[in-house]
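One structure below.
Values in this text are rule-based calculations from the coordinates and carry no lab data. The shown structure was predicted, so the numbers you read here are calculated from the model rather than taken from an experiment. Positions of Cβ are generated from backbone atoms using ideal geometry, with glycine treated the same way; all protein chains shown enter the neighbour counts.
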């Protein structure tokens, strides 16, 4: 079975600070990795995904993530956060060999102070 | 275009009652998923439908939970004899195809409160 861990449950940053949210997964096969974001009062939406190719993927709103296979990690980064990035962030994994459903991490609540 | 829609947005029910939650996926999407989001369990998979194949029910927590998808489009999640631990936000998602790398588009969810 696959599982996902997000080590930071709550993060508070000031505007312009750099962000890195950790995500580790456990699964021995080929995986697809996602970061979803849920802004206050809104539904989940995709930030970025990785399924093959360049392990450094760029998403919307200046976010990027790096897949490091040897570390089973897919950390999310943004060089300079804005107040509007306040949201909950979810890392997720899927695999053709383990069903097509998403397995989510516990989420990280980010608060950006203006 | 229209996204995934769910109804009702909120549902309050009494313990022991049955509830039905509806999901309208994005038109043309062949895969449909149900998840629930609760404080204690986070986001967890319930069931998914892929085209005309038998659904994957491996995430349903008990036999009180069932779902169907009629005509390859609208889906209904039914919870019988609701319990307080069923209180959660039930999310529906759809994707264009069933490959696991496809983006899943989520609806706004139905917040279920069991009194």
So what is Rg over Rh here for segment B:53-97, counting just Cα atoms and using Kirkwood for Rh? 0.97
Rounded to the nearest 0.05, FRET efficiency between residue B:7 and residue A:71 (Cβ-Cβ, R0 45 Å) equals 0.60
For segment B:47-115 and segment A:35-104, what is the centre-to-centre distance using only Cα atoms, to the nearest Å? 22 Å
Report the normalised scattering of the protein assembly as shown as log10 I(q)/I(0) at q = 0.13 Å⁻¹, calculated by the Debye formula with identical scatterers on the alpha carbons. -0.77
Shielding score for B:40-51, defined as the mean number of other chain Cβ atoms within 10 Å: 3
Most fluctuating of A:86, A:30, A:103 in the GNM of chain A (C-alpha, under 10 Å) is A:30
Within 10 Å of the Cβ of an average residue in A:60-67, the count of other chain Cβ atoms is 0
What's the long-distance tail for chain B, i.e. % of Cα pairs beyond 20 Å? 35 percent
Using only alpha carbons, build the gyration tensor for chain A and give me the equivalent ellipsoid semi-axes, biggest first, whole Å. 24, 14, 12
